[in-house]
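Following: one structure in structure tokens, then a few remarks.
The values are calculated or read from the model by the stated rules, or taken from the named source; none is laboratory data. Everything numeric here is computed off the predicted structure, so don't read it as measured data. When we count neighbours, we look across all protein chains shown, and the Cβ atoms used for this are built from the backbone with ideal geometry, even at glycine. In case anyone asks, the SASA skips ligands and DNA or RNA and just uses the protein heavy atoms, side chains included. Shrake-Rupley method; radii C 1.70, N 1.55, O 1.52, S 1.80 Å.
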Amino acid sequence: MKTRKRAAEATATQPLATLRFALKRDGTPVLSITRRDGSVTWQRQSAFFPLHDLTHYAIETVLGLRQAFWGMMADGWEFTDFGQPWPRGPMPNVSDALLGEVSAGSFGMFARDHAGDDEAGAAALNEHLADYCRQHDLPPPRVVTADEFGRIRRLRDEVQARWHALQPGEAMELAFAVD
């Protein structure tokens, strides 16, 4: 993970962050994030993380989660800030972060198990979120509607298909514009 600061004039019309998912010529995934202020951070990734991070993108974009993973990255968090010893301290909005992370970690299972049935998929995801919150003594996040579940699934499928179509040496960019 590296960060560099680039002098840039930020404008409100720019996305909070531009996410660049790339495959190096050797096939290694690399993710870079250019923030509205011009700073850039990046990370080499294992094969798992681009799909997980694209799921985060779909969930946080559709649900407007400004303070989940991508919003925190846009605000200057680094990859190394997520996890012990939590160098930045607690997450600023536990509800957004919880909804984004727990959903991203399990969304694929619910989308697959309830293919074409957004009502059942949303119900299963909401039940999973409620169970997680009960187990960790946390207030439950807001409910994900069937319409939102379907829009998340479609966006996730679209961006993951774009990722799978990349050849070594190619990249795709996504604007994270939840403001």
Considering the range 44-103 alone, what residues qualify as being of a type in the set (S, T, N, Q) and touching a residue at least 12 places away in the same chain (Cβ under 8 Å)? GLN45, SER46, THR55, THR61, GLN67, THR80, ASN93, SER95, SER103
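Listed here are the residues, each with its yes/no results for (1) assigned to a helix (DSSP H, G or I); (2) modelled with pLDDT under 95; (3) in contact with a Lys or Arg (Cβ under 6 Å, 6 or more places away or on another chain); (4) not polar (S, T, N, Q).
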position: TYR132; (1), (2), (3), (4): yes, yes, no, yes
position: ASP137; (1), (2), (3), (4): no, yes, no, yes
position: PRO140; (1), (2), (3), (4): no, yes, no, yes
position: ASP147; (1), (2), (3), (4): yes, no, no, yes
position: GLN160; (1), (2), (3), (4): yes, no, no, no
position: HIS164; (1), (2), (3), (4): yes, no, no, yes
position: PRO168; (1), (2), (3), (4): no, no, yes, yes
position: GLU173; (1), (2), (3), (4): no, no, yes, yes
How about the range 1-26: which of its residues are farther than 19 Å from VAL159 by Cβ and either modelled with pLDDT of 95 or more or part of a helix (DSSP H, G or I) (or both)? LYS24, ARG25, ASP26
Go through the range 28-75 residue by residue and tally those that are more than 22 Å from VAL94 (Cβ to Cβ) and part of a loop (DSSP other than H, G, I, E, B). 8
Subset of the range 128-179, residues of a type outside the set (D, E, K, R), within 16 Å of LEU19 (Cα to Cα), within 14 Å of the chain's Cα centre (by Cα) and open to solvent by less than 40 Å² (accessible area, probe 1.4 Å), comes to LEU155, VAL159, GLN160, LEU174, PHE176, VAL178
Scanning for something crowded, with 17+ Cβ neighbours inside 10 Å and under 11 Å from the mean Cα position of the chain (by Cα), does the range 11-34 turn up at least one residue? yes
Only one of these conditions is not met by LEU98: (1) in contact with a Cys (Cβ under 9 Å, 6 or more places away or on another chain); (2) of a type outside the set (Lys, Arg); (3) assigned to a loop (DSSP other than H, G, I, E, B). Which number is it? (3)
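Condition check ((1) of a type in the set (Ser, Thr, Tyr); (2) modelled with pLDDT under 95; (3) open to solvent by less than 60 Å² (accessible area, probe 1.4 Å); (4) farther than 25 Å from PRO140 by Cα) across all residues:
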{"site": "THR41", "(1), (2), (3), (4)": "yes, no, yes, yes"}
{"site": "THR55", "(1), (2), (3), (4)": "yes, no, yes, no"}
{"site": "PRO90", "(1), (2), (3), (4)": "no, yes, no, no"}
{"site": "ASP96", "(1), (2), (3), (4)": "no, yes, yes, no"}
